[in-house]
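*Asks:* One structure coming up, written as structure tokens, with questions to follow.
The values are calculated or read from the model by the stated rules, or taken from the named source; none is laboratory data. Please read these numbers as outputs of a predicted model, since none were measured by experiment. Note that each Cβ is placed from the backbone with ideal geometry, even for glycine, and that neighbours are counted across all protein chains shown.
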């Protein structure tokens, strides 16, 4: 853990040094929360990748089944849970699952949302109407129930299907955002200029329109990962998400919450991890928004 | 006369307005030709259809609400641009016919370096590698007179002044050495001193690259300095067409006359109107409701009954000019005695 923390600190310091020369970099770090945000994210991403090295015990290993709920100590950094598994080790392995699900689901959602929004906004007319009514329908459906229903229909749902489902129910907001951006961008003169240069629709959309919409897409994606992670945690907490022996932060809370009175640590630490990461994502997303907008040149 | 590079015949570009107030006939039967290597000036007030004409040539009119009416004909090197497949059209845009827009501040993409944007047409049309395209972009920047092109190529548009951006726009347009450049009010957004530089630059590049230029402007001074021939537009139509010298020496349409009289002059203080600047009374009517008869008659000092009833065709100016070189859309040509001094 110490190693990961040092590495994360080093990454923040190096990033600060590296980007301080550029205006966007300065704008990024002007946010007081940007540095800590990058630190938290780097820390969790590092322990997720280096899980076998960082975790002192295998995540499923029941250390002393006779004496569970060992409080945090030098031996068990964050204590052990009601099934006598090391909480720290499970937080580490859970980072893989939770961060991975969040990132992949958001990638799916952002790609689909951006594509749908760009097509609707650029081509307008019936294309726009059709796609946006579809989005209205999507937004009108309560997402958690759609997911619960899907999970209930398929017993023992595969993890990748779950990720795909979370992603495919999460692109509606992004597509609206992108469509609005594209609608205004497509009327800009540089788009006409690009078409006058002989650029086709694809080139205009991907090279001229979408890069100008990158800031809102990135911000919504950064905030969206947090949302996806919370959704996964919620599903797992309800026992409908990641199946139990696999540690995800959500099902760790589920495993620990009914012993809160005697072993507060087994539910608190994964909860803390979720909160920290989601807050860090929000902070970094905010700072990125300010950094990536070249129209807002630093004075 | 050689085969023209561009031949526009009976171009009609209409816009359907949403509130049902009718169809805006922004361009209504415009014909003109551009010879290889010449500069054609298109002049007129705002709302006369100059920009719509130029956008129609490259088929950049937003559809809907706009559409080019059947029967219109735009021929470039023998090919009708209006019936081309989108693919073939894209191969012409930026490659054979390029365009410079009015607003250098908004016509450049804010998120790419100017080098990337100049290189784009070369990458699209000539499939240059990125490295070669970058070299080409630096060459183009040097050609349009931007100092330190090696450094400037990596700058973003917001780091440049208006004049420099317009130079970048010109570099973008010329990167594939087009045969025809359409410059839509290229100097309107610029300071007078920068205007002169940009026009000189265009002149020089035209001579070096041997392209034809359509120069769209409302500034007769610009036309006088740069154009070989001038087309005067009013209310979506061509009202007068003549070689530049002939037009300035002998403006025949009352609208042209009015435009010329409206140019402030330093050498001859205006005698009329007690030293005040001259203007043409009234405004260009709405494109949804052009006047009956001659479209200029409500503002024309000479108008009589015939002008209110009958729309004049383009008539030959005569007076020693070769037929077809100087044409005017005005009944006065049939009845010159009515051209009395201003009432």
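*Asks:* Which residue, of A:241, A:271, is out of contact with any strand residue (DSSP E or B) (no Cβ under 9 Å at 6 or more places or on another chain), on the phi < 0 side of the Ramachandran plot and free of Cβ contacts under 8 Å to residues at least 60 places away in the same chain?
*Replies:* Going through A:241, A:271 in turn, the sole match is A:271.
*Asks:* What is the one condition in (1) at pLDDT 80 or above; (2) in contact with a helix residue (DSSP H, G or I) (Cβ under 9 Å, 6 or more places away or on another chain) that residue B:280 does not satisfy?
*Replies:* Answer for residue B:280: the failing condition is (1).
*Asks:* Which residue out of A:178, A:204, A:163 is within 14 Å of another protein chain (Cβ to nearest Cβ), in contact with a helix residue (DSSP H, G or I) (Cβ under 8 Å, 6 or more places away or on another chain) and either modelled with pLDDT of 80 or more or not in a loop (DSSP other than H, G, I, E, B) (or both)?
*Replies:* Of the residues listed, the single one that is within 14 Å of another protein chain (Cβ to nearest Cβ), in contact with a helix residue (DSSP H, G or I) (Cβ under 8 Å, 6 or more places away or on another chain) and either modelled with pLDDT of 80 or more or not in a loop (DSSP other than H, G, I, E, B) (or both) is A:204.
*Asks:* Considering B:152, B:165, which residue is surrounded by 21 or more Cβ atoms within 10 Å (Cβ to Cβ), within 13 Å of residue A:190 (Cβ to Cβ) and more than 9 Å from chain A (Cβ to nearest Cβ)?
*Replies:* Numbers: B:152 fails: within 13 Å of residue A:190 (Cβ to Cβ).
Of B:152, B:165, the one residue that is surrounded by 21 or more Cβ atoms within 10 Å (Cβ to Cβ), within 13 Å of residue A:190 (Cβ to Cβ) and more than 9 Å from chain A (Cβ to nearest Cβ) is B:165.
*Asks:* Follow-up question, since we're still on this one. Within segment A:79-88, can you find the residues that are in contact (Cβ under 8 Å) with a residue 40 or more places away in the chain, more than 13 Å from residue A:245 (Cβ to Cβ) and crowded, with 24+ Cβ neighbours inside 10 Å?
*Replies:* A:80, A:87
*Asks:* Within segment B:99-112, track down each residue that is surrounded by 19 or more Cβ atoms within 10 Å (Cβ to Cβ) and more than 7 Å from every other protein chain (Cβ to nearest Cβ).
*Replies:* Answer for segment B:99-112, where residues must be surrounded by 19 or more Cβ atoms within 10 Å (Cβ to Cβ) and more than 7 Å from every other protein chain (Cβ to nearest Cβ): B:100, B:102, B:104, B:112.
*Asks:* Within 14 Å of chain B (Cβ to nearest Cβ), in contact (Cβ under 8 Å) with a residue 60 or more places away in the chain and in a helix (DSSP H, G or I): which single residue out of A:223, A:231, A:210 fits that description? Break it down stepwise before answering.
*Replies:* Values: A:223 fails: within 14 Å of chain B (Cβ to nearest Cβ); A:231 fails: within 14 Å of chain B (Cβ to nearest Cβ).
None of the others qualify; the one that does is A:210.
*Asks:* Output the strands (runs of 3 or more DSSP E) that fall wholly within segment B:13-92 and possess 2 or more residues being over 23 Å from residue A:200 (Cα atoms) and in contact with a helix residue (DSSP H, G or I) (Cβ under 9 Å, 6 or more places away or on another chain), or say none.
*Replies:* Working: elements: B:23-34, B:39-43, B:66-68, B:73-76.
Fully inside segment B:13-92 and qualifying: B:23-34, B:39-43.
*Asks:* Here is a list of conditions, (1) surrounded by fewer than 17 Cβ atoms within 10 Å (Cβ to Cβ); (2) more than 10 Å from chain A (Cβ to nearest Cβ); (3) closer than 18 Å to residue B:54 by Cα, and residue B:85 meets all of them except one; can you say which number that is?
*Replies:* Of everything listed in (1) surrounded by fewer than 17 Cβ atoms within 10 Å (Cβ to Cβ); (2) more than 10 Å from chain A (Cβ to nearest Cβ); (3) closer than 18 Å to residue B:54 by Cα, residue B:85 misses just condition (3).
*Asks:* Moving on. Scan A:107, A:168, A:177 and give me the residue that is under 30 Å from residue A:286 (Cα atoms), buried (at least 18 other Cβ atoms within 10 Å of the Cβ) and touching a residue at least 12 places away in the same chain (Cβ under 8 Å).
*Replies:* A:177
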